[in-house]
Amino acid sequence: MVDEAFIKSLRQEWLEKPVKIVKLKGGITNELYLVEDNEGRKYKVRIPGKKTELFIDREAEIKNLKALEATGITPKLYEHKEDTQISIIEFISGKVAKKEDFKDPKVREKTVKAIKIIHDSNVQLCNVFNIFREVERYNNLLKAYDKTILSDYPINEMLEIVKRIETEVNKDFIKLVPCHNDLLPENFVFVNDKVYIIDWEYAGMNDPCFDIADFITELDNLTNNEEEHIKQLYFGEGKNREQRRVDLYKLPARLWWALWAVMQYHVSELDFDFNSYARFQFNECLKHLKMLREKYPEVIKGISV
């Protein structure tokens, strides 16, 4: 944890006028601080965690944040310090979503609408996000570490199925759009009837079906009907190929986060139980394997898992 004097030193005006500084809870990648000046303006100071350069392209993120401001539903970037990679971002004062909120159909409606604003915005992000290359990248990074956690799960079989899923989704024509790629509930902030989407570290041009798949898999408390409601809100009628891609992306989405968590377990200094988080994600992978076996047996045919 850094001291208040360091936080104040990040902006000259914070040295000259009184500010309140509070450490924010919940970050599992970075240290986060809320700074409020004497005029009521609020800022989020983000200090990157150890070795986060393994996970995040900060240069791309900053360019993307600036491009996305035009959508009106992302926080403003006030300052980014290239030497330390510390960012000062608009703090959105509102209700941070929890997964229980998405049991409410009205919440699902307004969040899907916000996602569509991003996807339909025609904003051109500076990078492409490919979930299959990300899974490969994390798997390769983990070869430098012991098999703690990994040895308890059928990793090789999952990786083989993910390769088959890539082949399947690539049979479709896919138009890449700006995507968030990390749509967990806490990245939605509700201000009255408006929805803001925050934390764009993994943003990039991608298949919108991946964003929807990742969003749905984060909401592991949804019933089948509630999940179908999200798909209906986003796709409308007659989009069977797109809805199939959503289902197929679920396993690679969870496997990516599982491998991410194992990597964090090895390198992070943050006070967070990455062991348990990784195991939760791997158990979610097993759940999605069961879904694939039941709905798309051709994808896992011949692989014993």
| Does any residue in the range 148-166 that is at positive phi come within less than 9 Å, Cβ to Cβ, of a residue that is outside any loop (DSSP other than H, G, I, E, B) and surrounded by fewer than 17 Cβ atoms within 10 Å (Cβ to Cβ) six or more places away or on a different chain, and which pairs are these? | I149/N275
| task | Could you tell me whether the range 34-50 includes any residue that is without any contact (Cβ under 8 Å) to a residue 60 or more places away in the chain, touching a Pro at 6+ places or on another chain (Cβ under 7 Å) and not assigned by TED's automatic domain parsing to the domain that holds T111? | result | yes
| note | Selection over the range 36-49 where residues are within 24 Å of the chain's Cα centre (by Cα) and surrounded by 15 or more Cβ atoms within 10 Å (Cβ to Cβ) yields a count of 7
| request: Count, please, the residues in the range 167-178 that happen to be outside any loop (DSSP other than H, G, I, E, B) and free of Cβ contacts under 8 Å to residues at least 60 places away in the same chain. | output: 2
| request: Scan the range 63-83 and give yes if some residue there is under 24 Å from L251 (Cβ atoms) and either buried (at least 18 other Cβ atoms within 10 Å of the Cβ) or in the same structural domain as C209 (by TED's automatic domain parsing) (or both), otherwise no. | output: no
| query | Within the set of pairs 6+ apart or on separate chains, which have a first residue in the range 87-98 that is farther than 11 Å from E186 by Cβ, a second that is of a type in the set (D, E) and in a strand (DSSP E or B), and C-beta atoms under 6 Å apart? | reply | I88/E79
| message | Would you confirm, using the coordinates I've provided, whether L24 is touching a residue at least 12 places away in the same chain (Cβ under 8 Å), buried (at least 18 other Cβ atoms within 10 Å of the Cβ) and not assigned by TED's automatic domain parsing to the domain that holds L141? | response | no
| query | What are the residues in the range 12-53 that are among the charged types (D, E, K, R) and part of a strand (DSSP E or B), if any? | reply | K20, K23, E31, E36, D37, K42, K44, R46
| task | Could you list all residues from the range 85-129 that are exposed (fewer than 13 other Cβ atoms within 10 Å of the Cβ) and over 23 Å from D193 (Cβ atoms)? | result | N122, Q124, V128
| request: Check every one of the helices (runs of 4 or more DSSP H) wholly within the range 55-165 and list those with 1 or more residues that are farther than 27 Å from C285 by Cα. | output: 58-68, 105-119
| note | Checked against (1) under 24 Å from V128 (Cα atoms); (2) in contact (Cβ under 8 Å) with a residue 60 or more places away in the chain; (3) not acidic (D, E), L184 satisfies every condition except (2)
| Out of curiosity, is V107 among the aliphatic types (A, V, I, L, M), within 30 Å of T223 (Cα to Cα), in contact with a Leu (Cβ under 6 Å, 6 or more places away or on another chain) and modelled with pLDDT of 95 or more? | no
| Hey, does the range 206-228 have a residue that's surrounded by 18 or more Cβ atoms within 10 Å (Cβ to Cβ), hydrophobic (A, V, I, L, M, F, W, C), within 22 Å of N187 (Cβ to Cβ) and touching a Leu at 6+ places or on another chain (Cβ under 6 Å)? | yes
| remark: Considering residues that are at pLDDT 95 or above and β-branched (V, I, T), the number found within the range 260-305 is 1
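The values are calculated or read from the model by the stated rules, or taken from the named source; none is laboratory data. Computed from a predicted model, the values in this text were never measured in an experiment. Positions of Cβ are generated from backbone atoms using ideal geometry, with glycine treated the same way; all protein chains shown enter the neighbour counts.
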